[in-house]
Structures are given as structure tokens and as C-alpha cells.
Protein chains: 2
Amino acid sequence: MPKRTKAEAEATREALLDAAEVIFLERGVSRTSLEQIARQAGMTRGAVYWHFKNKSDLFHAMLERVKMPLRQLLDDVEDPERPNEPLESLRRATLHVVERLQRPRSRRVHTILFHRCEVASDVDVLNLHEKLANECYDTMVERFEQARERGTLTESVEPEIATRMLMSMLVGLMYDWLRNPESYDIGDVGPRMINTFFGRLVHV
Amino acid sequence: MPKRTKAEAEATREALLDAAEVIFLERGVSRTSLEQIARQAGMTRGAVYWHFKNKSDLFHAMLERVKMPLRQLLDDVEDPERPNEPLESLRRATLHVVERLQRPRSRRVHTILFHRCEVASDVDVLNLHEKLANECYDTMVERFEQARERGTLTESVEPEIATRMLMSMLVGLMYDWLRNPESYDIGDVGPRMINTFFGRLVHV
DNA sequence: GCAAGTTTACATTCATGTATGTATGCCTGT
DNA sequence: ACAGGCATACATACATGAATGTAAACTTGC
């Protein structure tokens, strides 16, 4: 029963993306065929090729449904509504990233990004991530420098190093937890890590 | 010119593994064919199938030529020759991991592991890593607890959280740097991060 | 001469992309 | 308001290419 209404077409598009998430997660991106994705969505490959150019296009469309952690952290940190104290602003933004990572879709997609795909095959994703990382790094260093000027950051801690530590901690936490979410409760461990980190950096 | 002496056969085996490192790094594991690896080594696919069962077998043989970071950290930490002070022992072991990661072979293989392969396809590697991570976690928590008893670890820092922080930092650092080693000098940033971490955790 | 080591040839599988078919929704003129 | 026409939203069929694994041939050390 071909040709659906416009709304139904949009629904199958979403269904295909949902299916892609599931199968990519199960089998890894390279080992899944478009046939498998289509069948999971109750469609055929024809539907896939209608909505997407190819597997890579589908993959990118899937990514666009979630917000990248670094992008989100940037937005949070630069939100003018946030508290004026830079360290506190950073702390909250970091906590927020961990929170959002636990949402099912975000979790699935980022598991795929970290553990189920080969970055080499999608060079532009790599570049995108690169730009984001640099931008994020710069913003965070700025905040730590502001904190140092206010005297809220311990003098012995250099802003560049604090930034690398925080970013590494975040990335490492995501990488580890997404590899095996059963191993611990990130909703508990994450905040405790982050709070300990900031607690040890402020001038006491 | 087929059949060489025994030593030459071993040499082609190594050449095949070297070739695999190079091509896997360039193109990602799933996108490289055994043909490409063979040609890079100046052989044909027949040689590959003589020395290895299939691509997965070759991949694992490649992994066995390097020491996994967690395995190495464990060995270092448990080395009875190491200083008696647990925090100092941990600090040195962590520095050592960063040092060794920079060695060309280690760097290539771990870039492949982090960024050029889909873990889903090699389940046993996942399990191996899982066991190592747990073992490593336990040992590190033990050290932090010893430090706490000696009063060298700040009371407000819980051993479990300190362990997660350190492991996340290490994993995140490796992940980030291997993604783009040009972006910063890990030989400088790594030690400064680690020293700052331990410097802020000890009782001051 | 036998077996280790390597090549070549071959059969098979499988995913991809494209081309074609087709039924339906939607729009437009009257 | 409805009939015709066209674009949409898929399904199906097919052609192609690439990678895999295996078997057979070959070549040389021991």
C-alpha cells in the first residue's frame, strides 16, 4: 500500500531513523545493511533511498536529532541567565551534560558515536567535532581565567590544565559509561566527580 | 618466489601486522580488505590466510603486540619496587601510561582501538577490556583507601570517586589526543594534568 | 620427497545503487 | 464537486562490484 499522506511520510522517516539507532547500536554502523534498517522499520530499502541519499546521509540525519554534548555545554555556559560566577556556571553546565546523556535517545546515539562507528569513514563528523572541541576549550579557558582573576580558582591550578582535566574527565566518563552502563550509576558518580573536581579547585 | 626460510616466514607475519596497523589506521578496520593489507606488505591474500584465520584473528594478533594501558597501569601499580606511598605510586604509574602511549606502535594501535574500529564486532575484546577495567578500578580504590588511612588523601575526597576521576581523565585524555595528536603536546599536558590532580588531592 | 609457505583461480555471498513499477494523495481547472 | 494529471512515497527487480573463503598449483627449504 504505497503513497501515504505527508504526515505519514514524515512518520516513516522518523521510524527509519529510530530503526537505524537500534540496529546501529546492536551491530555497529559498518556491519548493518540498509536492508536491515528498512526491515526493522517495517519498510523496504526503497523507502530508505527515498528519504536518504545513502547510509552516510542516514547516519548524519540520525546525529542531527540529538544535541552534541560539547555543543550543549557551550550553549549552557554562554547562557546569560546563568549565575555570574564562572566556576559555578561551568559546574552546572557540566552537570547538565551528564544529565542529558542519560536520556534514551542521547544515550543510544552517543554509544554509537563512541563505540559503534569508525570515525575515519565520516571525515566531516571528525572536523565538526574538532571545531566544537576547540571552541569549547577556548570558552572554558576563558571562564577559568575569569575565576582566577576573581580569586575563586586556586592559584596553583592553571586555567589551560583545569580545562583539559575537566574535558578529559567528561569525555572519559561518557566513553566508559556508554561502553557498559550497567557497571555503575552515572547519575550518582557523575555529579560526585564533578563536584569533587570543582570543590578542590576553588580557593579554600 | 614462494617458500622462504622459517625466519623469513616470521618476518612476513610481522610485515603483515605492520601493514595492518597502517591500513587500519588510514581506512578504519571494517573498510580495509585483506587484499589491501597484503599488498601493503608486498604479499597476496594467500599469505594472510596462511598466517591468520581471518581479519578478526589478524586484528587480535595486532593487539597482542602492544600492552593495553590499563594492564600496564595495573602492573606498574602492583610493582613491589615502587615507592611505598600509594598516591605517589599511582601518580608514577599514570605518568608511565601517558609516556608509553606516545610510542609509535602503541599510539597507532590505540588510535585504531579508540577511533578506527567498531567494538560491537569484537565482543571478546569488549569483555577483556571490561575485566581489566574492573580489576584496575579495584586496585586503584585500594590505593586511595590506603592513602586515606595514612592521611595523605584529603578526607573530603572519596576513594571511589577519586578513582573514577583519575580513570576518566586518563581515558578522556587518550581518546582526545589520539583523535588529533596535532592539537596539543600530550607529553606536556598529560603530566601537568596528572600532577595537578594529585597535587589537589593530597592533604594540604 | 615431503611439508611449509605463497600464489593464483574460482565460487559464493552480500550490499549497494539504480531503474522501473505502481498506487495513492493532492491540486487545479471548470 | 469532481475528473484528470502529476508528483509523491514507496516496493520490486536487476546489474554490479567487492570481499570472502577455499581449493588447487607451485616453489623451495630441509
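The values are calculated or read from the model by the stated rules, or taken from the named source; none is laboratory data. Computed from a prediction, not measured in an experiment: that's the story for all the values here. Using ideal geometry, Cβ is built from the backbone for each residue, glycine included, and neighbour counts are taken over all protein chains shown.
Can you pull out the residues in the range A:37-65 that are free of Cβ contacts under 8 Å to residues at least 12 places away in the same chain and either assigned by TED's automatic domain parsing to the domain that holds residue A:140 or more than 14 Å from DNA strand D (Cβ to nearest atom) (or both)?
The answer is A:57, A:64.
Conditions first: (1) crowded, with 19+ Cβ neighbours inside 10 Å; (2) at pLDDT below 95; (3) part of a helix (DSSP H, G or I). Residue A:117 passes all but one, so which condition is the exception?
(3) is the only condition that residue A:117 fails.
Does residue A:126 satisfy the condition of being modelled with pLDDT of 95 or more and within 30 Å of residue A:31 (Cα to Cα)?
Answer is no for this residue.
Within the range A:20-33, take every residue that is free of Cβ contacts under 8 Å to residues at least 40 places away in the same chain and within 17 Å of residue A:53 (Cβ to Cβ) and give me the one that is farthest from DNA strand C (Cβ to nearest atom).
Checked the range A:20-33; the qualifying residue farthest from DNA strand C (Cβ to nearest atom) is A:32.
I want to confirm something. Restricting to the range B:133-160 and keeping residues that are under 13 Å from residue B:68 (Cβ atoms) and crowded, with 17+ Cβ neighbours inside 10 Å, which single residue is nearest to the other protein chains (Cβ to nearest Cβ)?
B:133
Could you please tell me which pairs satisfy a Cβ distance under 7 Å, a separation of 6+ or placement on different chains, a first residue in the range A:98-113 that is farther than 17 Å from residue A:19 by Cβ and not assigned by TED's automatic domain parsing to the domain that holds residue A:58, and a second residue that is among the basic types (Lys, Arg) and surrounded by fewer than 19 Cβ atoms within 10 Å (Cβ to Cβ)?
A:106/A:100
Residue B:89 fails exactly one of the following numbered conditions: (1) free of Cβ contacts under 8 Å to residues at least 60 places away in the same chain; (2) within 23 Å of residue B:179 (Cβ to Cβ). What is the number of that condition?
The one condition residue B:89 does not meet is (2).
Would you mind stating whether residue A:68 is within 21 Å of residue A:110 (Cα to Cα), away from DNA strand D (no atom under 16 Å from the Cβ) and at pLDDT 95 or above?
Judged against the criteria, residue A:68 is not a match.
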